[in-house]
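Read through the structure below, which is laid out as structure tokens, and then see the notes.
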Amino acid sequence: MTFYAEKFVIFLLIFIRTLSMFTTAPLYGNQAIPAQLKVWAAAFISFAILPVIAAQSPTVSLDLGSLIILALQEIIVGSAIGFSLGIIFHAVVYAGELFGIVMGFSLSSLIDPQNGFDVPVIGQFEYIVAIFIFLILNGHLFLLEALASSYSAVPVSGLKITGSAVDLFVHMTGMVFVAAIKIGAPVIVSLFLTDVLLGIVSRMVPQINVFFVGMPIAIGVGLFTLMASLPFFVFVFSRLLESFEGDVVQLVRLM
């Protein structure tokens, strides 16, 4: 009886880690996906990898206090995997917010289905493009692979948060702003040069109402540059995604 109880507890712990990753990971954590579907998917994946993980896992204590601690550890590991890779998508949305402010689209917002709050239209467009790139590059399969391989580095009841892991996580979080600037560089630079040119024109021809003319020009230049720089966006996002995938693997190893 104790044998089956231990197997069931290990299954629950695997389920908690999987569900935590699904809740925080890009695409899987989208609020448009029903919660029931996430729960059933997490249960199916947990059941599929249970025989392998159970054979590697040490003996699990069945007292309530230990189980609560183990559950919290699994939540930390699963959430760290999902959130770490989702950081790059926050950078994409932030880059879209920069576009919206400069182009005058800051008042036009849509509900972001991933996070549940308002984001500018440009940010939502770039987020959708990023999701397509994520799928094309098999990012969704990488998350499942990272989840399965995490048990080699962090088995059940084997979580040890080290200073190196915390430093790497802080570094990845700080990369949001760097990644946003890299993604938005073409549009930001083009709009900056447009503002400079409009300033020069206003000095040369004071009769022109720059505030009246500048807004449609900024929108036109911004949209044109955004469309023209889509190949650049795909290239930069692909490289950033590969870099963050490597960081996620390193983060799991340091735990």
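Listed values, structure above:
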quantity	calculated
Angle between the chain longest axis and helix 163-204 axis [Cα atoms, degrees, rounded to 10]	10 degrees
Degrees between helix 64-103 axis and first principal axis of the chain (Cα, 0 to 90, nearest 10)	10 degrees
Between helix 2-24 and the chain: long-axis angle, C-alpha atoms, 0 to 90°, nearest 10	0 degrees
Highest-fluctuation residue, Ser152, Ser79, Ser66 considered, GNM on the chain with Cα pairs under 10 Å	Ser66
Solution diffusion estimate, µm²/s, Stokes-Einstein, region 2-254, Kirkwood Rh from C-alpha pairs, 37 °C, viscosity 0.692 mPa s	161 µm²/s
Neighbour-count ranking [beta-carbon atoms within 10 angstrom, fewest first] of His90, His140, His171	His171, His140, His90
Residue order, fewest to most surrounding Cβ atoms within 10 angstrom, among Phe177, Phe142	Phe177, Phe142
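Taken together, the values in this text are just the output of simple stated rules run on the coordinates, not laboratory data. Since we're looking at a predicted model, the values are computed, not measured. All Cβ positions, even for glycine, are placed from backbone atoms using ideal geometry, and neighbour counts span all protein chains on display.
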